[in-house]
Amino acid sequence: MSACERAETLLPEFFQGDLEAPERAEERQWLRQHLAACGECAGAAEMWQRLGGLPAAAARPQQRQRFEEMLAGYQAALARPGWWERLLGGARLAWAPVAAALLLAAGAGLGWVARGAGRAAPAAATSAQVAALQREVEATRQLAALSLLQQQSANDRLQGVSYSSRLPGNDPRIEQALLHSLEYDPSSEVRLAAVDALARRAAQPGIRSGLVAAFPHQTSPLVQVAMLDTFVETHDQNARPLLEAVSRDPAYNPQVRQHAIWALQQPGWN
Amino acid sequence: MVGTIPLAMVGPDAAAMDDDALMSAVRAGQVNLLAELFERHQRPLLNYFLRLGATRTAGEDLVQDVFVRILKYRATYRPGSRFATWMYYIARNARLDHLHKRRGEVDWDEAYTPSFEPADAAEAAQEQRLLALALARLPEEKREILVLSRFQELRHEEIGAILGCETGTVKVRVHRALRELRDAYQELVQRGEA
């Protein structure tokens, strides 16, 4: 590194005050000496100093007020029990995975006991017990899936989506959780997996309308394209105006717009 | 569960906490402490957007958007890291999303008229006006790296984390941007523009 390169690297730190530390006194001294001897670097330092002299705008009081309103609204929303807390009857979220795991273990244990009991029981009674236990195990699986969808790790949430997609039936809690993931999950991978899981349940009108409503919130072109594919597969007439809007809106990624045009050309819309 | 806590009750304890401690507490559920972070960072954040060409209205909207995103994605904050780096990463994405959504509309001033005029324009130094104009004329990526380095006082490695590039690359880019700014400024001085 030449002397001038070293000086250029040190200049930002010099003006940020980082070279004021006692352990960096030598570097500070070296820089001052170099600036005194090198016109080029002295010019850069002067420009750096002038930049720092540019005035800054003051924040207006309305900005603070607007923030306070937003924060108050957010806190009020937090104070209301969410779907997950209602589901667990107010149990603390931190215990949710533990509760889900315990329920899973309980379900498996009951299944083992029932299998042993079934050997001696009459066939009809066994059939009813097995059906009841199957329902219980299914409920446990749902709880486990919902728990995973709430985890901080994106991998866990991905697993939750995968688990949800394998569950039979049309549990509105699972559907709501998947739609929530699609709309709010920070990971585009999780959102993409949620689209796939929801596509398998798209026979439900609520899912289809949820997908249409979630589309404008998406920022990832990959997720947008996956959603467009789902609209084509379901031929949802309610999605058609959205597709037409996307195909015309220059704010969308060109590939997404192109895909919307392609989607509208697919047979089966009428 | 977190209850609603009046902002006035954020209190002196919050003022004594550093950014990382505050954000870690926000992440853990004490969302009222975000008020202290807002107080500390709203002005630098506003000026970040203004210096990158936002109008006053767009800049204020973006500041609000950044703090909404901080709340929304608070679980992704890593305690022990530097809050400002994370915040400017969010701010940069918010700005890019804004530009993407508003493309073709007029609320983003591509030509850039400095909207951080000093309170008393009559007393503003000619050199400051020329320098602001020279900064405005820099290509987007060069203006951005100078703003992050000089005005937001982020270190090279932090800027690298925000822009997604190596520290060495940041040093080279800062150097080139500063040189181009000097050239643009000197050209304006010679032409006597104001």
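The values are calculated or read from the model by the stated rules, or taken from the named source; none is laboratory data. Worth saying up front: this structure is predicted, and the values here are computed from it rather than measured. Positions of Cβ are backbone-derived with ideal geometry, glycine not excepted, and every protein chain shown enters the neighbour counts.
The figures follow:
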read-out	value
Residue, surrounded by the most Cβ atoms within 10 Å (Cβ to Cβ), within segment B:52-64, restricted to residues that are more than 10 Å from chain A (Cβ to nearest Cβ) and at negative phi	B:Ala54
Flag for B:Arg92 being of a type in the set (D, E, K, R) and surrounded by 17 or more Cβ atoms within 10 Å (Cβ to Cβ)	yes
Qualifying helices (runs of 4 or more DSSP H) (wholly inside segment A:154-225; at least 2 residues being over 20 Å from B:Lys101 (Cβ atoms) and among the basic types (Lys, Arg))	A:154-166
Flag for B:Leu45 being within 10 Å of chain A (Cβ to nearest Cβ) and under 13 Å from the mean Cα position of the chain (by Cα)	yes
Boolean, A:Gln33 is more than 10 Å from chain B (Cβ to nearest Cβ) and modelled with pLDDT under 90	no
For B:Ala15: the one exception among (1) more than 10 Å from chain A (Cβ to nearest Cβ); (2) surrounded by 20 or more Cβ atoms within 10 Å (Cβ to Cβ); (3) modelled with pLDDT under 95	(2)
Residue among A:Glu8, A:Glu40, A:Glu20, A:Glu27 that alone is in contact (Cβ under 8 Å) with a residue 24 or more places away in the chain, more than 9 Å from chain B (Cβ to nearest Cβ) and farther than 30 Å from B:Gln64 by Cα	A:Glu40
B:Arg182, sole failed condition from (1) in contact with a Gly (Cβ under 8 Å, 6 or more places away or on another chain); (2) more than 10 Å from every other protein chain (Cβ to nearest Cβ); (3) charged (D, E, K, R)	(2)
Filtered residue count, segment A:2-37, keeping only those that are more than 17 Å from B:Arg179 (Cβ to Cβ) and outside any helix (DSSP H, G or I)	3
When residues of segment A:30-72 are limited to those that are among the hydrophobic types (A, V, I, L, M, F, W, C) and loosely packed, with under 13 Cβ neighbours inside 10 Å, the one nearest to the chain's Cα centre (by Cα)	A:Ala58
Selected residue [farther than 22 Å from A:Gly17 by Cα and either crowded, with 21+ Cβ neighbours inside 10 Å or within 10 Å of chain A (Cβ to nearest Cβ) (or both)] from B:Glu127, B:Glu140	B:Glu127
Residue list for segment B:38-51, filter: of a type outside the set (Lys, Arg) and buried (at least 22 other Cβ atoms within 10 Å of the Cβ)	B:Phe38, B:His41, B:Leu45, B:Leu46, B:Asn47, B:Tyr48, B:Phe49, B:Leu50
Selection status of B:Glu127, closer than 20 Å to B:Arg92 by Cβ and not assigned by TED's automatic domain parsing to the domain that holds B:Arg43	no
Filter result (surrounded by 20 or more Cβ atoms within 10 Å (Cβ to Cβ) and within 14 Å of B:Arg82 (Cβ to Cβ)) within segment B:18-33	B:Leu22, B:Met23, B:Ser24
Extreme residue, nearest to A:Met47 (Cα to Cα), among residues of segment B:148-169 that are within 9 Å of chain A (Cβ to nearest Cβ) and in a helix (DSSP H, G or I)	B:Arg150
Hits in segment B:30-57 (condition: under 30 Å from A:His180 (Cβ atoms) and among the hydrophobic types (A, V, I, L, M, F, W, C))	B:Val31, B:Leu33, B:Leu34, B:Ala35, B:Leu37, B:Phe38, B:Leu45
Subset of segment A:226-270 (residues that are assigned to a helix (DSSP H, G or I) and among the charged types (D, E, K, R))	A:Asp229, A:Glu233, A:Arg240, A:Glu244, A:Arg248, A:Arg257
Single condition A:Leu222 does not satisfy, out of (1) buried (at least 22 other Cβ atoms within 10 Å of the Cβ); (2) of a type in the set (A, V, I, L, M, F, W, C); (3) within 22 Å of A:Leu178 (Cα to Cα)	(1)
